[in-house]
Number of protein chains: 2
Amino acid sequence: MRALAAAEVPVFGWNRSEATVEAAHADGFDVYNDLPETLLRAAEEDALIVLGVPVYAVAELLSVIVEYAPQCALTDVVSVKEEVQALVEAAGLGDRFVGSHPMAGNEYSGWQSTDSRLFEGAPWVVMADGDPEVTERVQCMAVTVGAHIVETDPVTHDGAVACISHVPHLVASALATTGVEESIGGGDLALQLAAGSFRDGTRVAGTSPSLVRSMCEGNRRAVLPVLGHMIEELQACYRELWSEGTVADLTARGNAAHAHYKEVKRHTDEPTEPAD
Amino acid sequence: MRALAAAEVPVFGWNRSEATVEAAHADGFDVYNDLPETLLRAAEEDALIVLGVPVYAVAELLSVIVEYAPQCALTDVVSVKEEVQALVEAAGLGDRFVGSHPMAGNEYSGWQSTDSRLFEGAPWVVMADGDPEVTERVQCMAVTVGAHIVETDPVTHDGAVACISHVPHLVASALATTGVEESIGGGDLALQLAAGSFRDGTRVAGTSPSLVRSMCEGNRRAVLPVLGHMIEELQACYRELWSEGTVADLTARGNAAHAHYKEVKRHTDEPTEPAD
């Protein structure tokens, strides 16, 4: 919302939290705490409705949209696409819906964490083969805030984000628990010594657990095999270190995979060099 | 070396790579490719010798130090402390040795990756209970480049770094392989979509595999239980997601552990906020 407003796109919003609505109001934004009122205005102005809630809250919201704004163009920015698509179709809103997902975010929550430049240079996934007029409106919104469009289908999207977002969040959580586990050398001295590898490897463990749960639980089908792969890689590494005293295999493959990732990003994105 | 020179401390160095020596020379540094020549000068000037090589190269270097500069004060910046201590004692150099380990670095290698500000604000671990004069010289070096001293013993150090550095490197490698594994949703589309969580979670997979191998293999005794803990956490999460459809336990504990880590860092360090 902040990014759209910064781009001078007319935008108004709804949030279920009164505190968030007050904070946004205080910053001069046009926001409501009353959902029917918001949706009636959306219907009147033929707005593009953007659902930005955890996946578990989508069905309830759709039931209100069906009542107050069933003709509006509809998209979402939820991190799973197959389940949202199914929920939208079950609500009878499939014809005016084109799902999407901007690949940007941070580990903070709430109005004070919004960032008008969040989407600059980020990929914004838009589902292919939807209604052309709705597709155009969704793509236009993405491009307006500085993102670039990647078209794909829900299943491919969900497998991809399991690999590059959902499981990385779980891995960061597991790594964070390791740092406090005194029986294996963790604890306050260890945390005092922690430098970049621990800081960056655990950063997204700071994400709200309810958001991570929503992403991973809503994408369970795709997350499980990726988590299984991660476990197998670490087990193979454990066995190699235990029996042969080396971690040669994992470190070589991990380094090659990382080089390939940097190469792919270089060709598709403005390169974003991480801090050290 | 660059950091010491920037602090106007007289410093000279040795490197086994001719290319590195040439690059350092070109930048105006006093460096040698000939080890005996370097050590004879160290002995003559009563220098503090700082060993900065992978753990597998320590024994060979010590055998040359014994020959040319056995009276010099000696420290090291190797990432494991128990094994280096044992090697130094086996070489008969234990009396003039106080091991140390600066907790700073990046994923790049070679002279062009040196950074005069690398140690600013970083913890520099110095082994407790060593020769007071050598200890003072090592601590003085650390403080001069902007680091702060943390005193501990080799076993505690090695357990801590297994948790907050060595295993995080292996986890980053495993996560990087996940991103390219097409059978589970990885591949070039996934990598194009990758945002901050994947970028930061895999960053240190870009570290030279020989350096990661040296750290982890040299600290095998402490790394194995931490790696085992990491595997158990992910397995428990897999089981919870499979059987109950939730990742509540891991995400709650990971979030609490991360909050504790931030709190500990706040009390011991200048806080370094990561980029989004």
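The values are calculated or read from the model by the stated rules, or taken from the named source; none is laboratory data. Small disclaimer: the values here were computed from a predicted structure and weren't measured. Cβ atoms come from the backbone with ideal geometry, glycine included; neighbour counts cover every protein chain shown.
Observations on the model:
- Some residue of region B:65-74 being under 25 Å from B:CYS216 (Cα atoms) and assigned by TED's automatic domain parsing to the domain that holds B:GLY130: yes
Every residue, every condition in (1) surrounded by 18 or more Cβ atoms within 10 Å (Cβ to Cβ); (2) aliphatic (A, V, I, L, M), yes or no:
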{"residue": "B:GLU133", "(1), (2)": "no, no"}
{"residue": "B:GLU136", "(1), (2)": "no, no"}
{"residue": "B:MET141", "(1), (2)": "yes, yes"}
{"residue": "B:ASP153", "(1), (2)": "no, no"}
{"residue": "B:VAL161", "(1), (2)": "yes, yes"}
{"residue": "B:HIS166", "(1), (2)": "yes, no"}
{"residue": "B:HIS169", "(1), (2)": "yes, no"}
{"residue": "B:SER173", "(1), (2)": "yes, no"}
{"residue": "B:VAL180", "(1), (2)": "yes, yes"}
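- Matching residues in region B:11-35 - criterion: being in contact with an Asp or Glu (Cβ under 9 Å, 6 or more places away or on another chain) and polar (S, T, N, Q): B:ASN33
- Candidate set from region B:20-40 (those that are in contact (Cβ under 8 Å) with a residue 60 or more places away in the chain and among the small types (Gly, Ala, Ser)); member that is surrounded by the fewest Cβ atoms within 10 Å (Cβ to Cβ): B:ALA23
- Screening B:ARG16 on (1) charged (D, E, K, R); (2) surrounded by fewer than 16 Cβ atoms within 10 Å (Cβ to Cβ); (3) in a helix (DSSP H, G or I) shows it passes everything except condition (3).
- Any pair with Cβ under 7 angstrom, 6 or more apart, that starts in region B:105-126 at a residue that is without any contact (Cβ under 8 Å) to a residue 12 or more places away in the chain and ends at one that is surrounded by 15 or more Cβ atoms within 10 Å (Cβ to Cβ) and in a loop (DSSP other than H, G, I, E, B): B:SER113/B:ASN106
- Odd one out for B:VAL80 among (1) at pLDDT 95 or above; (2) farther than 16 Å from B:ALA142 by Cα; (3) surrounded by 19 or more Cβ atoms within 10 Å (Cβ to Cβ): (1)
- Here A:PRO102 does not fit the description of being outside the structural domain of A:LEU211 (by TED's automatic domain parsing) and surrounded by fewer than 20 Cβ atoms within 10 Å (Cβ to Cβ).
- Exactly one residue out of B:ALA43, B:ALA90, B:ALA47 is loosely packed, with under 13 Cβ neighbours inside 10 Å and among the aliphatic types (A, V, I, L, M): that is B:ALA90.
- Looking only at region B:185-220, and only at residues there that are more than 7 Å from chain A (Cβ to nearest Cβ) and outside any helix (DSSP H, G or I), the one that is surrounded by the fewest Cβ atoms within 10 Å (Cβ to Cβ): B:SER208
- Top-ranked residue of region B:236-276 - restricted to ones that are over 21 Å from the mean Cα position of the chain (by Cα), at the interface with chain A (Cβ under 7 Å from one of its Cβ atoms) and at pLDDT below 95, ranked as farthest from A:VAL204 (Cα to Cα): B:ALA275
- Matching entry among B:VAL66, B:VAL58, B:VAL11 (being within 20 Å of the chain's Cα centre (by Cα), among the β-branched types (Val, Ile, Thr) and under 24 Å from B:THR135 (Cβ atoms)): B:VAL58
- A:VAL180 over 20 Å from B:ARG220 (Cβ atoms), at the interface with another protein chain (Cβ under 7 Å from one of its Cβ atoms), under 25 Å from the mean Cα position of the chain (by Cα) and of a type in the set (Val, Ile, Thr): no
- Test: B:ASP95 is in the same structural domain as B:ARG137 (by TED's automatic domain parsing), part of a loop (DSSP other than H, G, I, E, B) and at pLDDT 95 or above: no
- Counting the residues of region A:118-171 that are part of a helix (DSSP H, G or I) and within 11 Å of chain B (Cβ to nearest Cβ) gives 17.
- Residue check: A:THR114 meets all listed conditions (1) among the hydroxyl-bearing types (Ser, Thr, Tyr); (2) in contact with a Ser or Thr (Cβ under 9 Å, 6 or more places away or on another chain); (3) under 14 Å from A:ALA3 (Cβ atoms) but one, namely (2).
- Considering A:THR75, A:THR114, the condition of being over 21 Å from A:THR268 (Cα atoms) and touching a strand residue (DSSP E or B) at 6+ places or on another chain (Cβ under 6 Å) is satisfied by A:THR75 alone.
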